[in-house]
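Colleague: Structure incoming, see below.
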Amino acid sequence: MAPILDIKNLYKNYGSVEILKDINVTIEPGDFLVLVGPSGCGKSTLLNCIAGLEPITDGTVAIGGRDMTHVSPKDRDIAMVFQSYALYPTMSVAKNITFGMKVRGVDAATQEQKLQEVAQQLQIEPLLQRRPGQLSGGQRQRVAMGRALVRDPKLFLFDEPLSNLDAKLRVEMRTEIKKLHQNLNATMVYVTHDQIEAMTLATKIVVLKGGVVQQIGSPAEIYNRPANLFVADFMGSPAMNLIPARAKANGKGTQIEIERAGAAPLVLTDTHAKNLPEDVILGLRPEDIAEAGFRAGEDVQEADCMVEMVEPAGADTYVVSHLGGKQVTARLHAETSAKSGESLSLAFDLSKVSYFAPESGERLN
Amino acid sequence: MTDISLSPAHGPSRNWGKIALRWLLFTLLGIFALFYLMPLFVMVTTSLKSLEEIRTGSLVAFPREVTFEAWRTAWSGACTGIQCEGLRPYFWNSVILAIPAVAISTILGAINGYVIAQWKFKGANLIFSLMLFGCFIPFQVVLLPMARMLGMMGIAGTIPGLIFVHVIYGIGFTTLFFRNYYVSIPQELVKAAKVDGAGFFRIFWSIFLPLSLPIIVVTVIWQFTQIWNDFLFGVSFSQAGTQPVTVALNNIVNSTTGVKEYNVDMAAAIIAALPTLLVYVVAGKYFIRGLTAGSVKG
C-alpha cells in the first residue's frame with residue numbers, strides 16, 4: 001500500500017532564509033507522526049507545507065500516493081486543527097462544523113447526519129447552537145476537532161492543538177486524541193513543542209532543529225538511542241545526563257573515566273563499547289542511575305558519589321550530584337535514605353548508555 | 001499594617017475630596033458643553049424668529065413667536081443666484097451623490113483591507129503605504145489634474161463625476177480602517193477556511209463581513225460626513241443643477257441682496273447639517289465601539 005504521506009527533499013525558503021532543509025518523511029496508514037522541536041525549528045511551517053497553506057521552494061509532497069505539491073489545500077483530502085482553534089466567530093458550532101460541507105455543496109440531509117454523528121462522538125450535542133465565544137477552551141478544542149472529523153480525510157493535521165489548554169485539560173485531551181486515533185484508525189500528523197506529548201501520542205517521531213531533521217524513529221528509539229546530543233537533551237524530562245568522559249580500550253572492553261572535583265576519578269568499565277575515541281560524552285538517563293542494590297544486571301556498576309541535593313517528587317526522588325563538571329541527576333525510589341552532603345552508592349546501568357562525539361554531537365555507539 | 005489602621009479615620013475626608021473633585025469635573029464639562037451648544041442654540045432660535053424680531057430683539061433671546069416660515073423658505077423658496085427653489089433640489093443632489101459614494105468607497109475599502117491584512121502578497125506593505133499617503137494629500141493639489149481627468153472621462157460637471165472623485169479620495173481612509181481592523185483577526189481563520197474549501201470571496205463574505213459591523217459603521221460615518229460636508233470638490237466639479245447642498249448653502253447666504261435674512265440662512269445651515277447629525281445620533285454608539293474594538297476573540 002502506498003504511504004499516506006510522502007515528503008521528498010522538501011526545501012522551504014523565506015527570501016534568502018532557509019526555513020526547512022531537505023526534509024524526507026514517509027508515513028504509513030494508521031501512523032501517528034509527531035513533529036517535535038523547540039520553537040522556531042520549522043515544525044509548524046512543515047505542517048503548513050503539508051497542508052498546502054505555504055508553497056514549498058523545492059521537493060515534492062504526495063498524499064495518498066498522489067503528488068500534491070501544487071494542489072490547493074481544499075483538494076488535498078486533509079483536515080486541520082489549529083492552535084487558536086480558528087473557529088469562525090460569527091457562526092454557531094453547528095455551522096462551524098458544516099461550513100466545509102456547505103462550501104462543497106453537500107446536500108443538507110447528509111450535512112445534518114454527519115453533524116449529528118460527530119457531535120455524538122465528541123459529546124458536543126448540547127453546544128451545537130452556541131457561538132464559539134460562549135464556549136470554554138476545552139469545548140472549543142472539541143469543536144475544532146469536530147470540524148476536522150466531519151471531513152473524514154486521508155490525513156489529519158494538528159498544529160499544537162493543546163497548547164492553549166491548562167495542564168489538567170491538556171492531559172485529558174491528549175488521552176482523548178490518542179483514543180480517537182485508535183478508534184478511527186486515522187493517519188495523523190501532529191506538531192508540538194512538548195516532548196511528553198510527542199512520546200505519549202506518537203507511533204513515529206520527527207525531531208527538528210533549525211529546519212533540519214535530527215532523527216526519525218519510534219518513541220522508544222528516540223528515547224533510548226538518540227541520534228545526537230540535541231535529541232538526547234531535548235527528549236525526556238528530566239533531561240538525559242550528558243557527562244564528559246575519557247574512554248580507554250582495555251582487555252575487557254572500554255574503560256570510562258569521569259573527572260570529579262575534589263575526589264578520585266570515577267571509573268566504569270563498559271564491556272560492549274568498542275572503537276570509541278578518547279574524548280566522549282557519556283549519556284545516561286536519570287532512571288538508569290539508581291541507588292546501589294536496587295538495580296541488577298551484568299552491566300550495572302556501582303560507585304560512591306557525593307549527593308548535592310535531594311528533590312522528592314512524590315513517586316520518585318531525584319538526587320543531584322556532580323560528575324565531569326556537570327550536574328548529574330539520578331532517579332531513585334521515593335523512600336531513599338539519601339541526604340544532601342553525604343556520600344551515596346549509585347548504580348550506573350551501562351546497558352542503556354549512549355556515547356556522543358563532543359565536537360559533532362553525533363552518536364558513537 | 002499602619003495603612004489598615006489609619007484608613008477608617010481617613011475615609012470620610014477622602015470621600016469628601018472625591019465628591020468635590022467629581023463636582024468640579026462635572027461643572028467644568030458642563031461649561032464646555034454649553035460653550036459648544038451656544039452656537040447651535042443661537043442658530044435654532046434665530047431660525048424660528050421672524051425677521052422683524054431678529055432686528056428688534058436680542059441674539060440669545062428665545063423667540064417671542066415661533067414661526068417656521070424661514071424653514072419653508074430655506075427648503076423650497078430661497079434664491080441661489082437666479083433660481084429661487086430653496087435647498088431642496090441640491091439636498092437631493094447631495095443624497096444621490098453621498099449614498100453611492102459612501103457605499104462604493106466602503107466596499108472597496110473592505111476588500112482592500114481584507115487583502116492587505118489577510119492575503120499578504122509581495123509589495124502589500126508598499127501598496128498600503130502608498131494608500132496611506134493618499135490620505136494626506138491636500139484636496140487642493142488634486143483639483144486641476146482631477147478636472148482634466150473628469151473631462152477626459154466625459155463625466156465633468158456630473159454627479160457620477162463627483163461620486164468618482166469622492167470614491168477615489170475615500171479609498172485611502174476606508175482601506176486604512178478595514179486593514180487595521182482585519183489585521184487583528186488571526187490568520188489561522190483564513191487557513192482554516194481554505195482547508196474547508198472556501199475561496200477568496202467566500203471567506204470574505206461568510207467569515208470576515210459578518211465580523212465587520214463596528215468598522216463598517218465607523219467607515220460609513222466617516223465617509224458620509226466627509227462627502228456630505230465637502231465643499232471644495234462640490235464647488236469645483238459641479239455645474240448648475242448638479243451642485244451639492246453645501247454649495248447651494250453658500251450661494252443662498254452669499255447671493256442675497258438687500259436685507260440679510262438671518263433666519264433663512266440659519267434654517268438652511270441646519271438643514272444642510274441635519275443628515276450628518278442624524279447619522280451620529282443613530283450610529284454614534286457603534287462609532288465609539290468600532291474605534292476602540294481591537295482583537296476579535298474566536
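A short reminder: the numbers here are calculations on the coordinates, not readings from a lab. Keep in mind the model is a prediction, meaning the values are calculated, not measured. Reconstructed Cβ throughout: ideal geometry from the backbone, glycine too, with neighbour counts over all protein chains shown.
Colleague: Could you pull the Cα extents of the protein assembly as shown along its three principal axes, largest to smallest, in whole Å?
Modeller: 126, 77, 51
Colleague: May I pose another question? Between A:TYR14 and A:ALA167, what is the label-to-label distance in nm when each label sits 7 Å out along the Cα-to-Cβ direction?
Modeller: 3.2
Colleague: If you don't mind, another one. Quick one: the Cα spread of the range A:261-356 along its three principal axes, in angstroms, biggest first?
Modeller: Dimensions of the range A:261-356 along the principal axes of its Cα atoms: 40, 30, 19 Å.
Colleague: So how compact is the range A:1-158: Cα radius of gyration and Dmax in angstrom?
Modeller: 17.0, 50
Colleague: Cross-link candidates for B:LYS49: which lysines have Cα within less than 16 Å, leaving aside residues fewer than 8 places away along the same chain?
Modeller: Of all the lysines, those that pass the test against B:LYS49 - Cα under 16 Å, at least 8 places apart if same chain - are B:LYS260.
Colleague: Mind listing the phi-derived Karplus ³J(HN,Hα) values for the range B:127-142, rounded to whole Hz, using 6.51, -1.76 and 1.60 with θ = phi - 60°, and x for any glycine or proline?
Modeller: Each residue of the range B:127-142 in turn: 4, 5, 4, 5, 5, 4, 4, x, 5, 9, 6, x, 3, 4, 4, 8 Hz.
Colleague: Right, here's the next one. Given a cut-off of under 8 Å on Cα pairs at least six residues apart, what relative contact order in percent is computed for the range A:76-136? Walk me through the numbers before you get to the answer.
Modeller: Numbers: 33 pairs, mean separation 30.0, N = 61.
This gives 49 percent for the range A:76-136.
Colleague: Per residue, how much space in cubic angstrom lies within the convex hull of the C-alpha atoms of the range A:236-307?
Modeller: On the way: hull volume 8.3 nm³, N = 72.
So the per-residue hull volume is 115 Å³.
Colleague: Using Stokes-Einstein with the Kirkwood hydrodynamic radius over Cα pairs, what translational diffusion coefficient do you get for the range B:113-240 at 4 °C and a viscosity of 1.567 mPa s, in µm²/s rounded to a whole number? Before the final figure, lay out the partial values.
Modeller: Values: Rh = 16.5 Å.
It comes out at roughly 78 µm²/s.
Colleague: Still on this structure, please answer the following. Take the alpha-carbon centre of the range A:318-344, take the same for the range B:198-238, and report the distance between them in whole Å.
Modeller: 69
Colleague: Something else: Average projected area of the Cα convex hull of chain A, in nm²? Provide the component values of the computation, followed by the final result.
Modeller: On the way: hull surface 89.2 nm².
In nm², the orientation-averaged hull projection of chain A is 22.3.
Colleague: Here's something else I'd like to know. Hey, what's the Cα Rg ratio for chain B versus the globular rule of thumb, 2.2 N^0.38 Å? Could you put the intermediate results ahead of the total?
Modeller: Values: Rg = 25.6 Å, N = 298, 2.2 N^0.38 = 19.2 Å.
My calculation over the Cα atoms of chain B gives 1.34.
Colleague: Bins of 10 Å, beginning at zero and ending with the bin holding the largest distance: percent of Cα pairs per bin for the range A:76-130, please.
Modeller: 22, 56, 22, 0
Colleague: Straight-line reach from A:LYS154: which lysines have Cα under 22 Å away, leaving out those fewer than 8 places along the same chain?
Modeller: Leaving aside lysines fewer than 8 places away in the same chain, those within reach of A:LYS154 are A:LYS8, A:LYS43, A:LYS74, A:LYS102, A:LYS114, A:LYS178, A:LYS179, A:LYS204, B:LYS191, B:LYS194.
Colleague: Which length gain, in nm to one decimal place, applies between A:ALA108 and A:ALA249 when the Cα-Cα distance is subtracted from 0.36 nm times their residue separation? Each step should come with its number before you reach the end.
Modeller: Details: separation 141, 0.36 × 141 = 50.76 nm, distance 7.45 nm.
Here the answer is 43.3 nm.
Colleague: Any idea what the dipole of the protein assembly as shown comes to, in debye rounded to 20, about its Cα centre with Lys/Arg Cβ at +1 and Asp/Glu Cβ at -1?
Modeller: Working: 57 positive and 55 negative charges, 465 e Å.
Charge dipole of the protein assembly as shown: 2240 debye, to the nearest 20.
Colleague: Could you tell me the center-to-center distance, by alpha carbons, between the range A:66-123 and the range A:190-268 in angstrom?
Modeller: 41
Colleague: If contacts are Cα pairs under 8 angstrom and at least 6 residues apart, what is the relative contact order of chain B in percent? Show your work: numbers first, answer last.
Modeller: Working: 314 pairs, mean separation 82.9, N = 298.
Relative contact order for chain B comes out at 28 percent.
Colleague: With 18 Å as the cut-off, how large is the P(r) tail for the range B:165-238, expressed as percent of Cα-Cα pairs?
Modeller: 51
Colleague: Let me test this: with uniform point scatterers at the alpha carbons of the range A:9-55, what is the Debye-based log₁₀ I(q)/I(0) at q = 0.23, 0.26 1/Å?
Modeller: Ignoring solvent entirely, the Cα scatterers give -0.93, -1.14.
Colleague: Now for a separate question. Determine, for each peptide in B:133-143, A:318-328, the mean count of other beta carbons within 10 angstrom over its residues, then list the peptides with the highest first.
Modeller: On the way: B:133-143: 11.8, A:318-328: 18.6.
Order by mean packing, descending: A:318-328, B:133-143.
Colleague: Okay, next question. I need to check one value: relative contact order of the range A:193-257, counting alpha carbon pairs closer than 8 Å and at least 6 residues apart, in percent.
Modeller: Working: 68 pairs, mean separation 13.5, N = 65.
Contact order relative to length: 21 percent.
Colleague: Quick check for me: using +1 on Lys/Arg Cβ and -1 on Asp/Glu Cβ, what's the dipole size of chain B about its Cα centre, in debye to the nearest 20? Walk me through the numbers on the way to the answer.
Modeller: Details: 19 positive and 11 negative charges, 193 e Å.
In debye, rounded to 20, chain B gives about 920.
Colleague: At a Cα cut-off below 26 Å, give the lysines reachable from A:LYS326, other chains included and same-chain residues fewer than 8 away excluded.
Modeller: A:LYS209, A:LYS248, A:LYS274, A:LYS339, A:LYS352
Colleague: For labels at A:LYS326 and A:GLN120 in the simple 7 Å Cα→Cβ model, what's the distance in nm?
Modeller: For A:LYS326 paired with A:GLN120, the spin-label model returns 5.5 nm.
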